[in-house]
Amino acid sequence: MTIGPADDVVSLLTQDHEAVKQRFVEFDGVPPEARAELFWKLTDQLVRHEVAEEVVVHPVIREEPGGEAIIEARLAEEEEAERLLARMEKLDPTTEEFMGALRDLESAVLNHAEMEEYEAFPLLVGNEDNGRLLLLGQKYKGAKLEAPNHPHPHAPNTPPGNKIVGPFAAFFDRLRDSARSA
């Protein structure tokens, strides 16, 4: 697979995958009392990535031959990760139960990323020109900035529902975060 400039959509998605892998590694080097902050950073990364991907990338891949089945499989994986994240939000990060759930999440997320890179990204690279990949990259960056930053496992993950519910979820996530930090 040939990847274009560093800010085309495939490069940005791949960079996100690498950043998440690194974030999981960070958990091994922090004391239990530092896990909560690291978990919120991880949650923010994962949720923003997936929401932006659902809004910008999935519709394009669905149009490609075999793309519908690939996206449906990836959405099922994302739903599993969202359920794990939502469950983990209620756990004490200093416990072994949390770390067990984190390892389950890590396995699910890394498997999901690998399947995207193996099945979905080649459809983009093989069927979209560099200009379109760059445009999608810009849209992806914008969508990440506006995305919710907490899991919403019961929210729609396909258009038009995700485009309607997403901004409201993001607004309430930010309210919840500001209340939590106050």
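Bear in mind these aren't lab numbers, they're just calculated from the coordinates by the rules spelled out. For clarity, every value in this text was computed on a predicted model and none was experimentally measured. No Cβ is skipped: glycine too gets one built from the backbone with ideal geometry, and neighbour counts run over all protein chains shown.
Quick look at the values:
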{"quantity": "Additional length obtainable on full extension of the chain from Leu75 to Lys90, 0.36 nm per residue less Cα span", "calculated": "3.1 nm"}
{"quantity": "Per-residue HN-Hα couplings for the stretch 85-93 [Karplus 6.51, -1.76, 1.60; θ = phi - 60°; Hz; x = Gly/Pro]", "calculated": "4, 4, 5, 5, 4, 8, 8, 7, x"}
{"quantity": "Cβ-based exposure ranking for Thr94, Thr43, in which fewest neighbours within 10 Å come first", "calculated": "Thr94, Thr43"}
{"quantity": "Packing rank of 112-125, 48-61, where each peptide gets the mean count of other beta carbons within 10 Å, highest leading", "calculated": "48-61, 112-125"}
{"quantity": "Equivalent ellipsoid, the stretch 18-97 (semi-axes from 5 times Cα gyration tensor eigenvalues, Å)", "calculated": "30, 13, 10"}
{"quantity": "Exceeding the 19 Å Cα-Cα cut-off - candidates Lys90/Lys144; Lys41/Lys139; Lys21/Lys41; Lys90/Lys141", "calculated": "Lys90/Lys144; Lys41/Lys139; Lys90/Lys141"}
{"quantity": "Asp104-Ala34 FRET efficiency (beta carbon distance; Förster radius 25 Å; 0.05 resolution)", "calculated": "0.75"}
